[in-house]
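The values are calculated or read from the model by the stated rules, or taken from the named source; none is laboratory data. All of these numbers come straight from a predicted model, not from anything done at the bench. Cβ placement follows ideal geometry from the backbone for every residue including glycine, while neighbour counts extend to all protein chains displayed.
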Amino acid sequence: MAANPTRSAPTKAGTPAFPGETAGRLRSPASWSARSAPTIAIGHELAVTPLQLALAYGAIANGGASDASVLDEAAAAVTLAQLDGAVRAGRASGHSWPG
């Protein structure tokens, strides 16, 4: 997988898009505890700005493409299928969209 958008770079490959924009945070996997993987999966132990999160979802929707390489096409396809499945068959099933 390519670089993680939350690793430590603001948007636009390290150049803040807005004055005062901060870098996202995700500790190196070498420093994770046994509890890190499950807690990261629910949004703990990491930090992103709303803009960084929106750009990450945009990259997933665009097959991994963004201004900076975020993920490869295979990872984007799997993630997009999981998000789609959550809407179609999960708790959001009443809010599906055509297509």
Original post:
Out of curiosity, is residue 17 of a type in the set (Gly, Ala, Ser) and at pLDDT 85 or above?
Top reply: no
Subject >> Only listed residue being part of a helix (DSSP H, G or I), touching a helix residue (DSSP H, G or I) at 6+ places or on another chain (Cβ under 6 Å) and either on the phi > 0 side of the Ramachandran plot or modelled with pLDDT of 80 or more (or both), chosen from 81, 59, 76 >> reply: 76
Original post:
Pairs, please: C-beta under 8 Å, at least 6 apart or cross-chain, first residue under 28 Å from residue 19 (Cβ atoms) and surrounded by 13 or more Cβ atoms within 10 Å (Cβ to Cβ) and in region 33-58, second modelled with pLDDT of 85 or more and among the hydroxyl-bearing types (Ser, Thr, Tyr)?
Top reply: 45/36; 45/39
Original post:
If you check every pair at least six apart or on different chains, which have Cβ atoms under 8 Å apart with a residue in region 70-84 that is more than 17 Å from residue 55 (Cα to Cα) first and a residue that is surrounded by 12 or more Cβ atoms within 10 Å (Cβ to Cβ) and among the acidic types (Asp, Glu) second?
Top reply: none
